[in-house]
1. Could you pull out the residue among Ala16, Ala21, Ala34 that is within 15 Å of the ligand (Cβ to nearest atom), closer than 14 Å to Ala237 by Cβ and at pLDDT 95 or above?
2. For the structure I just gave you, tell me whether Trp90 is in a loop (DSSP other than H, G, I, E, B), surrounded by fewer than 24 Cβ atoms within 10 Å (Cβ to Cβ), among the hydrophobic types (A, V, I, L, M, F, W, C) and more than 12 Å from the ligand (Cβ to nearest atom).
3. Inside the range 142-151, can you point out the residues that are open to solvent by 40 Å² or more (accessible area, probe 1.4 Å) and closer than 12 Å to Leu316 by Cα?
4. Can you tell which of Lys337, Lys292 is in contact with a Ser or Thr (Cβ under 6 Å, 6 or more places away or on another chain) and more than 16 Å from the ligand (Cβ to nearest atom)?
5. Of all residues in the range 319-373, which are among the basic types (Lys, Arg) and in contact (Cβ under 8 Å) with a residue 60 or more places away in the chain?
6. Exactly one condition in (1) at pLDDT below 95; (2) within 14 Å of the ligand (Cβ to nearest atom) is not met by Leu119; state its number.
7. Scanning for something at negative phi, away from the ligand (no atom under 16 Å from the Cβ) and part of a helix (DSSP H, G or I), does the range 222-241 turn up at least one residue?
8. Is it true that some residue in the range 337-359 is of a type in the set (Lys, Arg), in a helix (DSSP H, G or I) and surrounded by 20 or more Cβ atoms within 10 Å (Cβ to Cβ)?
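The values are calculated or read from the model by the stated rules, or taken from the named source; none is laboratory data. The shown structure was predicted, so the numbers you read here are calculated from the model rather than taken from an experiment. Virtual Cβ from ideal backbone geometry, glycine too; neighbours counted across all protein chains shown. With ligands, DNA and RNA removed, areas are computed over all heavy atoms of the protein, side chains included. Shrake-Rupley method; radii C 1.70, N 1.55, O 1.52, S 1.80 Å.
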Amino acid sequence: MNKQSQWKSSTGFILASAGSAIGLGAMWKFPYMAGIYGGGAFLLMFLAFTIFVGLPLLMMEFTVGKMGKTYTTKIYEKLTQKKWLNIIGWNGNLAVFVLFGFYSVIGGWIIIYIFNVALQMITFSDDNLGNIQFEAIIGNPFLTIVGQGIFILLTMIIVMMGVEKGLEKASKFMMPLLFIFLIVIVIKSLTLDGSMEGLKYILQPRLEDISMQGILFALGQSFFTLSLGTTGMITYASYASKEMTIKTSAISIVAMNILVSILAGLAIFPAITAFGYKPTEGPGLLFKVLPKVFDQMAFGSGFYLIFLILFLFAALTSSISLLELNVSNFTKNDNAKRKPVAFCASVLVFMISIPATLSFSSLSGIHFGAGTIFDNMDFLVSNILMPLGALGTTLVVGQLLNKKDLKAHFGKDKFKLFMPWYYLIKFVLPIVIVLIFVVQFI
Ligand code: PHE
């Protein structure tokens, strides 16, 4: 076991896995997905999937990591003595690889916005936040490639230096600060003229807005925000100490994720109607709307800058978990290889992220399958590889692992959660995932 990456307390583990979970998924992806797939109806489906599917799956990934205590392209063999099942680990590895490829595009946008706002402040230029032109910035291929390069570089440096622990400590105050900022934005948004329509759109579920596609994307969204099916959470749990508490950790991560997603929705939707945007703006939604909201505040630029830095921090604690999974699998937890592996993986990610970033500029005309190259990368990960990975693990846990062993690792069971959880994993969730999965191909 890799000493450097082992957490001594369960707080370290919770902070790291919460850091992995809470990121662009809740704040950037949730509002734009909800905007496309029915607002309140999407929120309702997302909540149902997160609580009844995501939470048990997260507990499952934590249990597997705690039991197997090794990297995830080996853990399935170690637990079942069947080598071919390591394919589930490789599926997860592929998923995070592609995921990092398009995640870094958005990380890059945050960095570009940080420079933009900082420059405006330093030069006292008469440009104001309201004039930030999303299309002009994101349509610049060179700028966006540089932005995402910096994002990947930052992630790589953190992982290479093994300073994740410092980051986790910092997240103790950065995350609460981000919450406070979100609440302030919500209040500002709700007091804008014309905000009530947007509020209604996100809070009022209209049954006629529920579509098969919406169901599929809502499931994908809960997988994405909870980092499920990539085995990333299994990796973190495999580093955790014996005292880690599976249920409390999983419940608190799910609760925080739901809270951040709802706050992001409450911050964005009222502003959408107040400023006359369409909810269906797509991936640029948050970046188009937020500057307008901050523009209405006293010291708006300064606050926006701080918010962007906190947002970048949340994105980085997720992206390091993406790179960490590759590092752990390819070094087989041998620390000596950490730097070269982190370097090679980052270079490869940078290469695959270029077509993703160009989906918003020179390659924007290319449309197939789920949409642009960027959309297809996201679809492949969130709607195919993640559900497949989670399905594989439910089958291993429900059909091949010993119930007594599972129970022992599940920990003290004051509320008698083990049996319902076990039967859910054994009988119900594999069927739910297969059904939703199959429907998309019909
Ligand atoms: N959960 C992260 C987010 O919402 C993304 C992620 C997925 C991170 C899978 C690691 C593994 O931003």
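1. Ala21
2. It is false that Trp90 is in a loop (DSSP other than H, G, I, E, B), surrounded by fewer than 24 Cβ atoms within 10 Å (Cβ to Cβ), among the hydrophobic types (A, V, I, L, M, F, W, C) and more than 12 Å from the ligand (Cβ to nearest atom).
3. Matches in the range 142-151: Ile150 only.
4. After applying the criteria, what remains is Lys337.
5. Lys332, Arg338, Lys339 - these are the residues of the range 319-373 that are among the basic types (Lys, Arg) and in contact (Cβ under 8 Å) with a residue 60 or more places away in the chain.
6. With (1) at pLDDT below 95; (2) within 14 Å of the ligand (Cβ to nearest atom) applied to Leu119, the lone miss is (2).
7. no
8. Yes.
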